[in-house]
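Following: one structure in structure tokens, then a few remarks.
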Amino acid sequence: MIGLLDRLARPLLYALDPEDAHRLAIRLLQVAPLPPAAPDDARLATRAFGLNFPNPIGIAAGFDKHAEIADALLRVGFGFVEVGTITPRPQPGNPRPRLFRLDADQAVINRLGFNSEGADTVLRRLAARAKAGGIVGINVGANKDATDRVADYVGLIEKFAAVASYVTVNISSPNTPGLRDMQQAAVLDDLLARVIDARERVTKNAGPTSVLLKIAPDLSLPDLDDVVGIARARRVDGMIVGNTTVSRPANLRDAQSQQAGGLSGRPLLRLADRMLAETYVRVEGVFPLVGAGGIDSGANALGKIRAGASLIQIYSGLVFRGLGLVGQIKAAMLAALARDGSRSIADYVGTDAAAVTAEAWPV
Ligand SMILES: Cc1cc2nc3c(=O)[nH]c(=O)nc-3n(C[C@H](O)[C@H](O)[C@H](O)COP(=O)(O)O)c2cc1C
């Protein structure tokens, strides 16, 4: 059924402007009577930052920015959904066009700039589905015109802790001017101190809420040393590696490849895997990592786990492979487990991390 929907919908979606296509995909997921995915094999279950994931495959932030289809996404087989990025107040984002599909490179460039319906609207939606269960993380960001960005993050943690399975502090979007500067050591230390403090304050009423930090794949290794050191010292619960890249690999072919914005999809895979492995060796098992960037097959999903990810997230791969990709990744994981006689997907986490860090730097 999901394969059928993919085959019917994709020619239509490809004929549209990418942002209109995305809106239509969301509408289709809201109304299509999709049958639930088969229950997950127990060997795919993973425990990370205090949560029990039925499988390690999540949908990355940016697909369901306004929390409109979290339940539909859980229903079609994702192990978790990350909604957002949500900003405190509604904001329109950058002028269109701001989303580009690079068909020749199986990639996407976006410069959406945190278009958000704002925290109040999204909170209402999430509160309405709170009893439905499933793991729904909430990715938060600062308004473009915020005078105190840290206060934006703190306010969102306080607001969403009660309805969030976890909260992701997103300081790695390339499309809000200056946002990535929050990855600098002194700024990040202050941000995480206040965010973790806010989380502690609300735990009594909201229950425990894990805090994850999402970083850019464009950090230098000395900067990554600082970021990981601070994340460990401030006791974040995990990191997501990572967001889109502002770099442009030399071999891009599509006419749109020099559009301004963040690049995602297949050309991001090697850089994202490298930064993930570099993060994994620095974190030394203190907290788990979520790997995102360039996954479009079962093989490179497993590669991501071997590079250091306890959980993975996909976005651009869905644009080119459709929702059937989720089932394909699960099948590939189960085939690997059977071949190796392993009992859990967790056995693969980080097995190749050291080897990946020894490769030539991806260009
Ligand atoms: C259109 C689009 C919008 C995105 N919006 C967000 C966002 O709001 N917040 C965020 O943290 N990441 C956002 N991302 C980044 C993804 O969550 C993910 O980190 C990145 O695309 C790499 O994964 P992929 O190669 O599988 O797409 C967005 C990505 C795309 C393609």
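The values are calculated or read from the model by the stated rules, or taken from the named source; none is laboratory data. What you see is a predicted model, and the numbers here were worked out from it, not measured in a lab. Virtual Cβ from ideal backbone geometry, glycine too; neighbours counted across all protein chains shown. What goes into the accessible areas is simple: the full protein's heavy atoms, side chains included, and nothing from ligands, DNA or RNA. Shrake-Rupley method; radii C 1.70, N 1.55, O 1.52, S 1.80 Å.
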Filtered residues of the range 238-250 (kept if open to solvent by 40 Å² or more (accessible area, probe 1.4 Å) and at pLDDT 95 or above) = VAL246, SER247, ARG248
Counting just the residues of the range 185-204 that are of a type in the set (Gly, Ala, Ser) and open to solvent by less than 80 Å² (accessible area, probe 1.4 Å), which one comes out farthest from ILE230 (Cα to Cα)?
-> ALA198
By my count, helices (runs of 4 or more DSSP H) wholly in the range 255-330 with at least 1 residues that are more than 12 Å from the ligand (Cβ to nearest atom), in contact (Cβ under 8 Å) with a residue 24 or more places away in the chain and open to solvent by less than 10 Å² (accessible area, probe 1.4 Å) are 269-283, 298-306
Which numbered condition PRO36 fails, given (1) at pLDDT below 95; (2) assigned to a helix (DSSP H, G or I); (3) touching a helix residue (DSSP H, G or I) at 6+ places or on another chain (Cβ under 6 Å) = (2)
Which listed residue, of LEU24, LEU123, LEU28, is out of contact with any Leu (no Cβ under 9 Å at 6 or more places or on another chain) and either at positive phi or open to solvent by 30 Å² or more (accessible area, probe 1.4 Å) (or both) = LEU123
Scan (1) over 13 Å from VAL195 (Cα atoms); (2) open to solvent by less than 10 Å² (accessible area, probe 1.4 Å) for the single condition ALA162 breaks and write down its number.
-> (2)
Looking at (1) outside any loop (DSSP other than H, G, I, E, B); (2) under 21 Å from GLY62 (Cβ atoms); (3) without any contact (Cβ under 8 Å) to a residue 40 or more places away in the chain, which is the only condition ALA335 fails?
-> (2)
Pairs, first under 12 Å from ILE157 (Cβ atoms) and assigned to a helix (DSSP H, G or I) in the range 195-215, second among the small types (Gly, Ala, Ser) and open to solvent by 30 Å² or more (accessible area, probe 1.4 Å), C-beta under 8 Å, six or more apart | VAL202/ALA162; ALA206/ALA162
Quick check, is GLY62 open to solvent by 30 Å² or more (accessible area, probe 1.4 Å) and on the phi > 0 side of the Ramachandran plot?
-> no
Find all pairs meeting these conditions: Cβ atoms under 6 angstrom apart; at least six residues apart or on different chains; first residue within the range 67-89 and without any contact (Cβ under 8 Å) to a residue 60 or more places away in the chain and under 15 Å from TYR315 (Cβ atoms); second residue within 13 Å of the ligand (Cβ to nearest atom) and of a type in the set (A, V, I, L, M, F, W, C).
-> ILE69/ILE26; LEU73/ILE59; LEU73/VAL81; VAL81/ILE59; VAL83/ALA67; VAL83/ILE138
Can you name the residue in the range 54-64 that is small (Gly, Ala, Ser) and in a loop (DSSP other than H, G, I, E, B) and is also farthest from the chain's Cα centre (by Cα) among such residues?
-> GLY62
Exactly one of LEU51, LEU34, LEU102, LEU74 is over 24 Å from ILE240 (Cβ atoms) and among the aliphatic types (A, V, I, L, M), and that residue is LEU34
Within the range 338-361, residues assigned to a helix (DSSP H, G or I) and under 26 Å from THR279 (Cα atoms) come out as ILE345, ALA346, ASP347, TYR348, ALA353, ALA354, ALA355, VAL356, THR357
